[in-house]
1. Using amide H atoms built in the peptide plane, which far-off residues or other-chain residues are under 5 Å from B:GLN108 H to H?
2. Quick one: of the DSSP bridges fully inside the protein assembly as shown, what percent are antiparallel, nearest 5?
3. Return the ratio Rg/(2.2 N^0.38 Å) for the stretch A:20-80, where Rg is computed over Cα atoms only.
4. Among the trypsin sites (Lys or Arg not before Pro) within the stretch A:37-106, which fall in a DSSP loop and have no more than 13 other Cβ atoms within 10 Å of their own Cβ?
5. Pairs of Cα atoms under 8 Å, at least six residues apart: use those to get the relative contact order of chain B, whole percent.
6. In terms of the Cα gyration tensor, with a ≥ b ≥ c the square roots of its eigenvalues, is chain A rounded because a/c is under 1.5, prolate because a/b exceeds b/c, or oblate?
7. Over the Cα atoms of the protein assembly as shown, each weighted equally, I'd like the Debye log10 I(q)/I(0) at q = 0.09, 0.13, 0.18 Å⁻¹, rounded to two decimals.
8. Could you pull out every residue, at least 5 positions away or on a different chain, whose amide H is within less than 5 Å of the one on A:ARG113? Hs are placed 1.01 Å off N in the peptide plane, and Pro or chain starts have none.
Amino acid sequence: GAGVSQSPRYKVAKRGQDVALRCDPISGHVSLFWYQQALGQGPEFLTYFQNEAQLDKSGLPSDRFFAERPEGSVSTLKIQRTQQEDSAVYLCASSLVGRAANTGELFFGEGSRLTVL
Amino acid sequence: KNQVEQSPQSLIILEGKNCTLQCNYTVSPFSNLRWYKQDTGRGPVSLTIMTFSENTKSNGRYTATLDADTKQSSLHITASQLSDSASYICVVSAGGSGTSYGKLTFGQGTILTVHP
């Protein structure tokens, strides 16, 4: 596809359920980022992949959050035992260059809106 | 802690008018500053990227300025259109070395509403 694709766009989960959010970056993009955006706030960094390597997971709020990118393309963000405070929009972004290049254009997906009841 | 503060939180203007959004940051060391436009329910879209050596950059009706000494940036929108209604987010990238290099810190955004 032409852009970053995320699915599902909307997810409603009962507290305690596990969820998986998918990100399809732009083909050939090296860097992939996950962000969490609460209502009315800017995105907060969760984790960063360079190809299949997870180089930075310092933003993951707890060990219930897990991300992978096993073949260096599609990525999945998994949240186990969801809590109400996990309700947010989860944004995925990709960049052609590695984060070290630092001025690489970042392309965002539309986001996955998670609501935990 | 690296922070990016934006003002105002929200702004309402009439179509055709100009406006200026502000961004102050404490990210150090600094590498570059970006402005993004985020329409409701969509992902952010890049407007400009400026490094410390650039103090102004334009993209159509959008002009961003950067003062790396005072750690301030502004986004000026000229002749606003209804489609400019969105959240405008200031993002600063860290420089230096180590794991923080290239890490982006996002502001909370300014919500701009353009009325006809």
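1. Here the answer is A:GLY42, B:GLN6, since their amide H atoms fall under 5 Å of that of B:GLN108.
2. Counting only bridges with both partners in the protein assembly as shown, antiparallel ones make up about 90 percent.
3. Values: Rg = 11.3 Å, N = 61, 2.2 N^0.38 = 10.5 Å.
Compared with the compact-globule rule of thumb, the stretch A:20-80 sits at 1.08.
4. Counting only loop positions with at most 13 other Cβ atoms within 10 Å, the trypsin sites (Lys or Arg not before Pro) in the stretch A:37-106 are A:ARG81.
5. On the way: 300 pairs, mean separation 42.4, N = 116.
For chain B, the relative contact order is 37 percent.
6. Judged from the Cα gyration tensor, chain A comes out prolate (a/c at least 1.5, a/b above b/c).
7. For the protein assembly as shown, the Cα-only Debye profile gives -0.37, -0.77, -1.36.
8. Those qualifying (amide H under 5 Å, at least 5 residues apart or on another chain) are A:TYR10, A:LYS11, A:TYR90.
Bear in mind these aren't lab numbers, they're just calculated from the coordinates by the rules spelled out. A quick note: this is a predicted structure, and the numbers were derived from the prediction, not measured. In this analysis, Cβ positions are derived from the backbone assuming ideal geometry, glycine residues included, and neighbour counts consider all displayed protein chains.
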